[in-house]
Amino acid sequence: MADTYGLKADAPRGWHVAVTRRPGATPLAPDARARGLLEEQDVTRPVLHACTRPLPELRGDFGTGVVDLLGPDDVFVALVDYGTEVADQGLFEKQGLPRLAPSHFAPNRLQRPLPGMSASQQFFSQGGRAFCLFTVLGSHARRMASVPRAMALVSSLHITDRATLARLGGHP
């Protein structure tokens, strides 16, 4: 069963997973404009984090506070929800969870350089929702062994589609 945010993982053994949403407003309902609800809001969306190390309580959407702790055999995955408004178009046109390959990872794909590490960032839509899959490997040199572990986690992800989530009373 999906949680309130419609994201979950049946993670392989040894992974730590958390689904959170920073404090802030939930997105306006699709009919909000028709009802005259147009006030500016600081909207936040759910994020799923998974890591082969325990996740610290305080962490950024893309792993700030986590990736610095990775050892050479560790992997961090962030599934960041960008909402329904941008789904299926532009950057988010690709459909379905991406497959990861060692060639997708490079040291220059990190938010800031971290010696020896590499990352992959892929954008996609699934079920009328837009996402970024951001994956960090503790060692670029060990990516041939680490990417299959990351892919095992990604393959375990479940995303509830927009219509089902709305019907169940969840919030993307």
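Where a number appears in this text, it was derived from the coordinates with a stated rule and is not lab data. Please read all numbers here as calculations on a predicted model, not as lab measurements. All Cβ positions, even for glycine, are placed from backbone atoms using ideal geometry, and neighbour counts span all protein chains on display.
Ordering 138-148, 70-80, 109-119 by mean Cβ neighbour count within 10 Å, with the highest value first, yields 70-80, 138-148, 109-119. Positive contributions from Lys and Arg (+1) and negative ones from Asp and Glu (-1), summed over other residues with Cβ under 15 Å from the Cβ of residue 147, come out at +3. For a modelled paramagnetic label at residue 93, 7 Å from Cα along Cα-to-Cβ, the residues of the stretch 113-149 in reach, with backbone nitrogen under 14 Å, are 123-125. With R₀ set to 41 Å, the beta-carbon distance separating residue 164 from residue 142 gives a calculated FRET efficiency near 0.60. Out of 95, 152, 19, whose Cα points farthest toward the positive end of the dipole of the chain (charges: +1 Lys, Arg; -1 Asp, Glu; placed on Cβ)? Of 95, 152, 19, it is 152. Peptides 85-92, 158-165 ranked from most to least packed, by the mean per-residue count of other Cβ atoms within 10 Å: 158-165, 85-92. Net charge dipole, the chain: roughly 420 debye, given to the nearest 20, about the Cα centre with Cβ charges of +1 for Lys and Arg and -1 for Asp and Glu.
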